[in-house]
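J.: Starting off with a structure, shown below.
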Amino acid sequence: MSDYRKELLSAIEQSIATVLDHDACETVTRKILCILNDYEVTKRTTEVAVYDDINERLLKRYCACLLIDGKAQGTIYAYSRNLQRFSEFIGKRFTEIGPYDIRYYLASEKERGVSEVTLDNTRASLSAFFGWMAAEEIIPKSPCMIIKPIKCPKKEKKAFTAIEMDALRHSCVTPRERAIIEVLASTGVRVSELEHLNVDDVDFDRLTVHVRNGKGGKDRTTYINDVAKMHIQMYLAMRNEDGEALIYNEKHQRLQDGGVRDILKRIGKRAGVTNVHPHRFRRTLATNLAARGMALQEIQRILGHSDINTTMRYVCINDRNVQASYQQHIA
């Protein structure tokens with residue numbers, strides 16, 4: 001038996017020994033040994049190819065297309081990172097990739113302990129990229145066409161209850177904290193959109209907020225209520241900064257994503273509310289608006305979703321809401 005077949009058999013023995021008992025391992029090993037006698041085995045290299053830079057050039061071209069299509073910088077970065085890792089692991093030209101390479105990489109990531117959600121995000125990144133290559137006629141067809149989505153355990157994403165929202169509001173210790181809570185709760189803006197809001201974007205007379213260059217590079221209008229208006233104006237009246245940003249940090253700089261999350265985490269700890277993060281306010285707003293009878297298409301516009309199915313996933317529907325709606329509509 002060749003050295004490579006011995007190496008392969010040894011690797012298989014070590015792998016199955018963790019899930020099978022000794023007798024079963026011996027039985028499986030004997031059967032594999034018989035099968036291997038009919039094959040020549042060579043070792044597959046995973047070293048990064050150095051003969052050209054085609055992968056790098058294709059990746060740059062793909063990212064440029066994503067940028068033109070209005071994809072967010074965070075999305076482009078995530079896709080690029082996943083594809084670079086894949087390229088380094090497989091060590092082949094993108095034009096030479098087959099379904100086996102995709103499956104092998106995903107299986108290796110699974111063995112490394114990657115979660116099903118992360119694994120399926122990786123699969124989606126590869127599928128989008130090779131689908132683009134096929135559309136651009138760089139390859140005849142995508143090797144991901146026969147790779148099925150990875151089943152992920154569904155994790156229920158809950159909106160804040162009315163009691164939790166009251167607790168968060170009463171746990172704010174500064175006007176800035178309360179202003180952040182009220183802006184997120186009333187507008188449903190993304191944390192990246194909150195970061196870029198300016199004072200001039202808020203029309204206090206019309207109770208509107210102009211969100212500039214949101215996800216996908218789109219502008220939209222969302223709204224604040226009278227409570228949010230009051231707390232935003234209280235914050236603006238007491239702060240020392242005269243700059244254009246709506247919210248500043250302690251260093252008199254525009255408050256960014258990480259700063260917002262840290263502030264919300266501290267408020268949540270004081271309030272005794274777990275899992276307090278910016279996106280949960282979007283889910284809460286969508287759920288509350290739907291419960292009060294607003295059409296999904298209108299909620300979609302407020303949240304800035306391009307697909308109404310995304311909006312539907314944001315709305316948390318429980319049995320009590322369904323029963324209340326039933327009682328309203330039953331004859």
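J.: Go through the range 291-305 and count every residue that is touching a residue at least 12 places away in the same chain (Cβ under 8 Å) and assigned to a loop (DSSP other than H, G, I, E, B).
T.: The number of residues fulfilling the criteria is 1.
J.: Met145: surrounded by 18 or more Cβ atoms within 10 Å (Cβ to Cβ), aliphatic (A, V, I, L, M) and either modelled with pLDDT of 95 or more or over 25 Å from Gln256 (Cα atoms) (or both), yes or no?
T.: Taking the combined requirement at face value, the residue does not satisfy it.
J.: Would the range 52-60 turn up any residue that is at pLDDT below 70 and either under 30 Å from the mean Cα position of the chain (by Cα) or of a type outside the set (Ser, Thr, Tyr) (or both)?
T.: Scanning the range 52-60, I find at least one residue that is at pLDDT below 70 and either under 30 Å from the mean Cα position of the chain (by Cα) or of a type outside the set (Ser, Thr, Tyr) (or both), so the answer is yes.
J.: Within the range 109-126, restricting attention to residues that are within 20 Å of Pro99 (Cβ to Cβ) and out of contact with any Pro (no Cβ under 9 Å at 6 or more places or on another chain), which residue is surrounded by the fewest Cβ atoms within 10 Å (Cβ to Cβ)?
T.: Glu111
J.: Given Ile232, Ile163, Ile180, which one is under 25 Å from the mean Cα position of the chain (by Cα) and either not aliphatic (A, V, I, L, M) or not in a loop (DSSP other than H, G, I, E, B) (or both)?
T.: Ile180
J.: May I pose another question? Could you give every pair whose Cβ atoms fall below 8 Å, whose first residue belongs to the range 246-268 and is more than 21 Å from Val211 (Cβ to Cβ), and whose second residue is at pLDDT below 90, counting only separations of at least 6 or pairs across chains?
T.: From the range 246-268, the pairs are His252/Asn240; His252/Glu241; His252/Gly243.
J.: Tell me yes or no: at least one residue of the range 279-290 is farther than 15 Å from Glu193 by Cβ, in contact with a helix residue (DSSP H, G or I) (Cβ under 8 Å, 6 or more places away or on another chain) and assigned to a loop (DSSP other than H, G, I, E, B).
T.: No; the residues of the range 279-290 include none that is farther than 15 Å from Glu193 by Cβ, in contact with a helix residue (DSSP H, G or I) (Cβ under 8 Å, 6 or more places away or on another chain) and assigned to a loop (DSSP other than H, G, I, E, B).
J.: Applying the selection to the range 208-229, what residues are part of a loop (DSSP other than H, G, I, E, B) and surrounded by 15 or more Cβ atoms within 10 Å (Cβ to Cβ)?
T.: Those that are part of a loop (DSSP other than H, G, I, E, B) and surrounded by 15 or more Cβ atoms within 10 Å (Cβ to Cβ): Gly214, Ile224.
J.: As an exercise: evaluate Arg103 against (1) at negative phi; (2) without any contact (Cβ under 8 Å) to a residue 24 or more places away in the chain; (3) surrounded by fewer than 17 Cβ atoms within 10 Å (Cβ to Cβ) and give the number of the one condition it does not meet.
T.: (2)
J.: Does Asp242 fit the bill of being touching a residue at least 24 places away in the same chain (Cβ under 8 Å), closer than 23 Å to Arg176 by Cβ and in the same structural domain as His170 (by TED's automatic domain parsing)?
T.: no
The values are calculated or read from the model by the stated rules, or taken from the named source; none is laboratory data. For clarity, every value in this text was computed on a predicted model and none was experimentally measured. Using ideal geometry, Cβ is built from the backbone for each residue, glycine included, and neighbour counts are taken over all protein chains shown.
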